[in-house]
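One structure is given here, and the rest of the page talks about it.
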Amino acid sequence: MIDRLHFINQELWWAVILLAVAMVLLFVWKEWRGEFHTRVLVNSFVAFLGITALVLLYLRPTLLTEVSGKAMVLTDNYRVAQLDSIKDTEKSIRTIRYRPGLDFSKALDSINEIIVLGDGLQDFDFWQLKDVSVSYLKGVDPKGIVKLKYGNTLRTGQDVLVSGLFNQPVIGNLLVLETPGGEGLDSIRLNDGAEQGFTLRGSVKTKGKFVYRLSEKDSTGAVLNSDPVPVEVLAKKRLRMFISNRFPSFESKYLKNFLAEEGHEVVVRSQMTKGKYKFEYFNTEQSPVYGFREKELNDFDLVVLDTDTYLGLSKTSKDVLIKLTREKGLGIFVQPNETLFRSNGLLVNFDMERDASRKNVRIETGMVETYPYNFRKTDPRGVAVENHSYALAEGKGLVGTTILNNTYQLMLDGKRNAYQNIWTDIINTMAKSKEVTGTFEKLSTFSFVHRPISFSLRTGTSKPKVAVNASYNIPLIKNALIKDKWHGRTYPKSKGWHTLRMEGDTSVTAHYYVMDTIHWKAATAADNILKNNRFFNSVAHTAVQKTIPSEISRWWFFLIFLGCMGYLWGSPKLKA
């Protein structure tokens, strides 16, 4: 009982108690006349009771009482039939209309069970339901583009590639990828199925920040819906690479030709016989690399090794590569074969598991052959490249590989763009990065006005500062487990391009485009449904025992005090 008792005015409770004790002692001393009799005992008790009531009148005690109420939270696109059914079953259930960002937690003080209907809450509002049992019932399936995937940071020469899933398409309508000026780059005609996948592409030739558009048009060309596709295009990255093969292969042949066409400096070493090598040079001076020595490899950004060369490295060569990776940021990529997947690792352990059912992986233009293995991705140092490649951080650099097999077949099939996108992603991820003091991570694909945007910053700076548009700083929270990782959140108030920049190093930036909440309604609704299902329906829910403080009526204390004072005032007069 005592642990359920609390006081509203408890700041000076000790002073109030001391004053009350002094008042009781003063009254007893006043009543005491040298002899003990019943009247002294009775009057002292009544005085004690009256003063206690007065103290409680000030302190305002509360008792924790259990509540057992139910409520429905209605979000966008809820099913009316579900709402009516619940109201028929639960006559006294409360209804709460949800608006993103609006604090409705106070309305849940007397509620211990919640039913969420519709698309669900935004993830930044989940905290409001942390103390209640929640069941989630999804609403009407969103109509339109429910899944979208594209690279929002590209290099000149790459294609902007937009793929996704359209739910409940209208037969005959067109889905068009348009330039910032409204010119159509690519289109696809929608069919009459329940859903339809799509892939649209367009080339980018100049660097800058652009807002493409993905528009749905009817058969007459009228625009039914148009959503922004923001893209930042960077200058092409010119790298210096060393490729070492124990034996010549078609994979290396097509890779070196592709890299040369992209303007990279490439040195290729192919072993002909023991101790005898053939060298090829592309976009660079002829300078043979016979061994894995620090002086020879120091200027390279990426070393590509076939599995036989990788597993055959001497201890000295291995030590040199690890040193350059950890200290200089050198990237190492291993061209795989079955032997690599069965090995225990040399420089790193890629931690793979065999999957006999895996024979290919889906990319934007179809399927690509793979080895029957998966990356477990349990190491916190891991960096994934799409759904086909993986690397582990070693100091400042990365050591990685892929499960893809015979990617050169894409070139033979005339799918150069697909080949380019695969290897550009792998190379840009694995290669040595420019020495910077920090990098931004985890900016979401879509950013909306007046909605929180969360980000992470990796930096060795002890007290980093991040500014938005060079106008105000964002408070950062340090990650409890990773010492060089910080987290922040910003709330954009205007639409358009915005910039996060770390103070002290202007090269550490992140650009993001803020749009109105009317855009990408179907995609955000589908994402919300997944998040709400995962958060609320991942475990079985039972009614939560919830208690709230309920104040004891002050009238009781007032009446007790009044009665005691009346008795002490009237008792002597009645006896007189």
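The values are calculated or read from the model by the stated rules, or taken from the named source; none is laboratory data. Quick caveat: nothing in here was measured; it's all calculated off a predicted structure. FYI the Cβ positions are ideal-geometry reconstructions off the backbone, even for glycines, and counts take in every protein chain you see. With ligands, DNA and RNA removed, areas are computed over all heavy atoms of the protein, side chains included. Shrake-Rupley method; radii C 1.70, N 1.55, O 1.52, S 1.80 Å.
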If you take the residues of segment 166-218 that are out of contact with any strand residue (DSSP E or B) (no Cβ under 8 Å at 6 or more places or on another chain) and farther than 25 Å from A526 by Cβ, which of them is least open to solvent (accessible area, probe 1.4 Å)? G181
Boolean, N225 is touching a residue at least 12 places away in the same chain (Cβ under 8 Å), open to solvent by 40 Å² or more (accessible area, probe 1.4 Å), of a type outside the set (D, E) and farther than 30 Å from E369 by Cβ: yes
In segment 104-139, how many are of a type in the set (A, V, I, L, M) and within 30 Å of V211 (Cβ to Cβ)? 1
Within segment 496-507, does at least one residue satisfy the condition of being among the aromatic types (F, W, Y), in contact (Cβ under 8 Å) with a residue 12 or more places away in the chain and out of contact with any Ser or Thr (no Cβ under 6 Å at 6 or more places or on another chain)? yes
Taking Y281 and the conditions (1) over 26 Å from R326 (Cα atoms); (2) of a type outside the set (A, V, I, L, M, F, W, C); (3) modelled with pLDDT of 90 or more; (4) within 39 Å of the chain's Cα centre (by Cα), which numbered condition does it fall short on, given that it satisfies the others? (4)
Out of everything in segment 183-214 that is among the charged types (D, E, K, R) and assigned to a loop (DSSP other than H, G, I, E, B), what residue ends up being farthest from I171 (Cα to Cα)? K207
Out of the residues in segment 562-572 meeting the condition of being open to solvent by 50 Å² or more (accessible area, probe 1.4 Å) and at pLDDT below 75, tell me which one is nearest to N112 (Cα to Cα). Y567
Could you grab me the full set of residues in segment 245-257 that are farther than 27 Å from A235 by Cα and either among the aliphatic types (A, V, I, L, M) or open to solvent by 80 Å² or more (accessible area, probe 1.4 Å) (or both)? F247, P248, F250
Being surrounded by 13 or more Cβ atoms within 10 Å (Cβ to Cβ), of a type in the set (A, V, I, L, M, F, W, C), modelled with pLDDT under 75 and over 22 Å from T153 (Cα atoms) narrows it down to one residue among V539, V544; which is it? V544
Against the condition outside any helix (DSSP H, G or I) and in contact with a Phe, Trp or Tyr (Cβ under 8 Å, 6 or more places away or on another chain), how does V229 come out, does it pass? yes
Just for segment 386-430: of the residues that are farther than 30 Å from K463 by Cα, part of a helix (DSSP H, G or I) and of a type in the set (S, T, N, Q), which one is most open to solvent (accessible area, probe 1.4 Å)? Q409
Checking A525 against (1) open to solvent by less than 10 Å² (accessible area, probe 1.4 Å); (2) in a strand (DSSP E or B); (3) of a type in the set (A, V, I, L, M), only one condition comes out false. Which one? (2)
Restricted to segment 490-507, and to residues that are touching a Lys or Arg at 6+ places or on another chain (Cβ under 9 Å) and modelled with pLDDT of 90 or more, which residue is nearest to L476 (Cα to Cα)? M502
Which strands (runs of 3 or more DSSP E) does segment 471-518 wholly contain that include 3 or more residues that are open to solvent by less than 40 Å² (accessible area, probe 1.4 Å) and within 17 Å of F446 (Cβ to Cβ)? 496-502, 509-515
Of all residues in segment 466-482, count the ones that are of a type in the set (D, E, K, R) and under 24 Å from Y513 (Cα atoms). 0
Take residues that are within 25 Å of P248 (Cβ to Cβ) and open to solvent by 60 Å² or more (accessible area, probe 1.4 Å) and tell me which of the strands (runs of 3 or more DSSP E) falling wholly in segment 258-372 contain 2 or more. 265-273, 276-282
If you take the residues in segment 424-442 that are farther than 22 Å from E265 by Cβ and among the hydroxyl-bearing types (S, T, Y), which one is modelled with the lowest pLDDT? T437
Could you please let me know if S433 is in a loop (DSSP other than H, G, I, E, B) and free of Cβ contacts under 8 Å to residues at least 12 places away in the same chain? no
